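Reading through the structure tokens given below for one structure.
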Amino acid sequence: MAQSFWKSSHAQQWIFDKTEIWKQRGEDMKIYSEEEYNRLNIFWANFITSVATECAHSQANVGCKLRQQVIATAIVYFKRFYLRQSFRDMCPFLVASTALFLACKVEEHTTLSVSSFLKNTALVLPKRWGVPFETTSTKNGVVYDSEFILVEILDCCLVVHHPSRPMVELLDDFKQFSATGGPPKEFEQIEAQCQKVANDSLRCDVGLMFAPHIIGLSSIIVAMELMGRGRSWRHG
């Protein structure tokens, strides 16, 4: 992994302004409004998260729950793919499962079989959204093929810098140098709320527009405001 975010492929190739993002989505924007596309962002992030977590104890994936970092990387891969492709070019359900499969490898998580991801998809879709999905050996091979396509479209830029790391560092500084003479008693709750906000940021385009430390700091500010501690954070 690149030591500096600013020298990474993430910074040099995958940060855009808002106008450029919507321009790259030109084909899809002929069909969807901006609001509709934003809702699709939320749906696909929820879908990837559900496949990775809701069947964690099912026979399909042998009780292995994917880490949040794997989920975050998969969502970023998915969004980057559809910056350069239209939803009509390749089935989003297939891309989502492939993104998770690839993210497991990149983040050095226990790699699950392709059939496990497809079985999880077949369990999640009817349960959450009432959509039938059948698994076949043919689809297993399609995921392997789509993995090559995904890597190609991503220009082999597979290292993703997430806001969680700088956010944790900022929270450690807050904990250490709090003006109250010590960390607030509910610091664990503050950390949890900050992580929740950072996770929610995956459901919009901020990860395609801003550096991870900016998102991390913003997540802390939003979390503190939600907890009614905005004043103590600004003056702490």
Point-to-point label distance, PHE210-VAL159, nm (Cα→Cβ direction, 7 Å offset)
2.4
Residue separation between ILE42 and ALA11 times 0.36 nm, minus their alpha-carbon distance, gives in nm 8.8 nm
Once both label points are put 7 Å beyond Cα along the C-beta direction, the GLU54-GLU27 separation in nm becomes 2.9
Residue exposure sequence - SER9, SER146, SER219 - by fewest surrounding Cβ within 10 Å
SER9, SER146, SER219
Label-point gap, in nm, between SER4 and LYS65 - each point 7 angstrom along Cα→Cβ
3.9
Sorting CYS104, CYS157, CYS91 on the 10 Å Cβ count, fewest up front, what's the list?
CYS91, CYS157, CYS104
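A short reminder: the numbers here are calculations on the coordinates, not readings from a lab. On a predicted model such as this, the values are computed, not experimentally measured, just so you know. Glycine also receives a Cβ, built like all others from the backbone with ideal geometry; neighbour counts cover every protein chain displayed.
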